[in-house]
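Enquirer: First the structure, which I've put down as structure tokens, then a few questions once you've had a look.
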């Protein structure tokens, strides 16, 4: 199977990396996860998860807006493009095919999560909550781009660290 290509452009003068015209940071996974664990311990999981939801939501929304313009994508093809591109960046493998394209509700399956790989598949807890805002943010952009304002809720209903085959996120959309 050929390796998927992720375009990385490095500015020779500044050293800034870009993919699809967006500045990127390239750090070892353990560096990011160690920071993540320290912040969770310092703030408490609930408070930290809320902050991650909000920042993840906004980042996904902005990314979808950028990619729609850059690639001429519309509607749910932007969401599925987001899932494919996320899957190429080392976070996990994301499958959003469980999202109903008319209600924007359903499930996102996550496999090979960096958070589970860091911990242990028998750790018994849910570790992938950091992704919870990503799917609603992308779907909020989709719904708003189609003239439908919705409110989104997402939570990790199962985690591979609990012994499951993969992680599963439930996403629900309601009218604003």
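The values are calculated or read from the model by the stated rules, or taken from the named source; none is laboratory data. Bear in mind the structure is a predicted one, so any value in this text is a computation, not a measurement. Cβ coordinates were reconstructed from backbone atoms using ideal geometry, including for glycine residues, and neighbour counts include every protein chain displayed.
Enquirer: Considering each residue of segment 89-100, count those that are assigned to a strand (DSSP E or B) and either under 21 Å from residue 39 (Cα atoms) or in contact with a helix residue (DSSP H, G or I) (Cβ under 9 Å, 6 or more places away or on another chain) (or both), and give that number.
Expert: 6
Yes/no per residue for (1) outside any helix (DSSP H, G or I); (2) touching a helix residue (DSSP H, G or I) at 6+ places or on another chain (Cβ under 7 Å); (3) at positive phi:
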{"residue": "102", "(1), (2), (3)": "yes, no, no"}
{"residue": "108", "(1), (2), (3)": "yes, yes, no"}
{"residue": "115", "(1), (2), (3)": "no, yes, no"}
{"residue": "171", "(1), (2), (3)": "yes, yes, no"}
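Enquirer: Further, regarding this structure: Could you pull out the residue among 104, 127 that is crowded, with 23+ Cβ neighbours inside 10 Å, out of contact with any strand residue (DSSP E or B) (no Cβ under 8 Å at 6 or more places or on another chain) and in contact (Cβ under 8 Å) with a residue 12 or more places away in the chain?
Expert: One residue alone meets the criteria, 127.
Enquirer: If residue 65 meets every condition in (1) modelled with pLDDT of 95 or more; (2) touching a helix residue (DSSP H, G or I) at 6+ places or on another chain (Cβ under 7 Å); (3) more than 20 Å from residue 132 (Cα to Cα) apart from one, which number is that one?
Expert: The failed condition is (3).
Enquirer: Continuing with the same structure: Being surrounded by fewer than 18 Cβ atoms within 10 Å (Cβ to Cβ), closer than 23 Å to residue 138 by Cα and at pLDDT 95 or above: is that true of residue 20 here?
Expert: No; evaluated as a whole, the condition is false for this residue.
Enquirer: Can you tell me which residue within segment 50-88, out of those that are surrounded by 13 or more Cβ atoms within 10 Å (Cβ to Cβ) and outside any helix (DSSP H, G or I), is nearest to the chain's Cα centre (by Cα)?
Expert: That would be 88.
Enquirer: Does residue 113 count as buried (at least 22 other Cβ atoms within 10 Å of the Cβ) and touching a residue at least 40 places away in the same chain (Cβ under 8 Å)?
Expert: yes
Enquirer: Related question: Among the residues of segment 118-159, count how many are at pLDDT 95 or above, assigned to a helix (DSSP H, G or I), under 22 Å from residue 39 (Cα atoms) and in contact with a helix residue (DSSP H, G or I) (Cβ under 6 Å, 6 or more places away or on another chain).
Expert: 3
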